[in-house]
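The structure appears below as structure tokens.
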Amino acid sequence: MYPQHREREQPIFSARAHVFQIDPNTKRNWIPASKHAVTVSFFYDGNRNVYRIISVGGTKAIINCTITPSMTFTRTSQKFGQWADSRANTVYGLGFATEQQLHQFSERFKEVKEAARLAREKSQDKMEFVNTALSIAAPQFSQDLGDELQSPPVMCVNGPEDKMFRSQSADITLSSEKERIKKMLSEGSICEMNLEAELFTLQDSNSKLVSALHEANNNVQQWKKQLAAYQEETERLRDQVADLEAHGSHGPSDMLKDELTRSLEELEALLKAKDEEIHILQNKKSEYHEMEQEREEAIHRLQEMEMRNLELERRVQNAEQNLAASLEERDRTESEVQRAIEILDVKLFDLNDLRQSLVKLIDK
């Protein structure tokens, strides 16, 4: 049942992605499980006939998820997908660099899930066969166990009670055997995770060393090409020097002197021209200083004008405020005068009525 030489799990598909886990407190926010993109791989265990997703960051297993037929990989965006692991009571999220990588991972997840479903059906068929064999062998095993435990003769004489005792002892034995097998499997899985972490660490280191070796080889090839080019350039320069020395030893020296004299005269003429340009620039510099002084004086006058303008604006504002106050005072005075005129009109009307009343009284 347990082979001495266990076959190593075979990688099926690998991709690089940023790994996240759901926050167990909020169940909404994502918590990064890796600082950078790591390798996420599908593995098949031939001995246990299961498929798993494994990702290792450094020496720590970030993902160790056994794929079940009930799992579903959901694409939530163009470059992000997630699935839930009920055994680990968490939700894993993967962020890919491109949409194509996400599509490849999603398709491979569907294929592996279907393969896991077929593997589970086969394992269930095997378990049914094993349970049938155990049910056939259970009475004899329970009878031997009852003999060892020295069961009372009354229990063995009675037919129905004997069957009940045997079924109970068989259940106890099967449950203890299952617990023992589970314990062995859990210990084996822990050791297996440690070995897998070491294996992935070694594979990562090996890949880094291989890439560094390739880079070093490429650099060596480039250096060799540069060295060959430098050697060719050196040989060419040596040939040119040799040709110049050969021509210089056999050629006339007067021609070289004339060329040097002509070059010297040209340089002197160029020097004179530059001196004249410098003199012109110095004159312009003095004119520039004068213009700078005039500009500063103009800026000063402009500042004075701005100050005077500000003072005039302040005076205008004060005058406007005084005018507004005077207008308000005039309006108030006019309103008071109008009110007084109205009062006088009323009084005059009353006096007129009084006068008429007195006239009537006098006539009577």
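The values are calculated or read from the model by the stated rules, or taken from the named source; none is laboratory data. Treat the numbers as computed from the prediction; the structure is a model and nothing was measured. Here the Cβ is made from the backbone with ideal geometry for all residues, glycine too, and neighbour counts use every protein chain on show. We work out accessible area using only protein heavy atoms, side chains counted, and drop any ligands, DNA or RNA first. Shrake-Rupley method; radii C 1.70, N 1.55, O 1.52, S 1.80 Å.
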If I model a spin label at residue 286 and residue 243 as a point 7 Å from the Cα along the Cα→Cβ vector, what separation in nanometres do I get? 5.5 nm
Over the stretch 11-126, what percent of the accessible surface lies on carbon and sulfur atoms, probe 1.4 Å? 48 percent
Using a 1.4 Å probe, what is the accessible area per residue for the stretch 11-126, in Å²? 56 Å²
How many nm is it between the label spots at residue 296 and residue 265, if each spot is 7 Å from the Cα in line with the beta carbon? 4.9 nm
Suppose we look only past 17 Å in the calculated P(r) of the stretch 11-126. What percent of the Cα-Cα pairs does that tail hold? 54 percent
Two-site label geometry, residue 320 and residue 335: point separation in nm, points 7 Å out along Cα→Cβ: 2.4 nm
Once amide H atoms are built 1.01 Å from N in the peptide plane, which residues 5 or more positions from residue 12, or in another chain, come under 5 Å H to H? 42, 43, 44
Report the calculated FRET efficiency for residue 97 and residue 223 (r = Cβ-Cβ distance, R0 = 35 Å), to the nearest 0.05. 0.60
Once you charge only the Cβ atoms, +1 for Lys and Arg and -1 for Asp and Glu, what is the size of the charge dipole of the stretch 11-126 about its Cα centre, to the nearest 20 debye? 160 debye
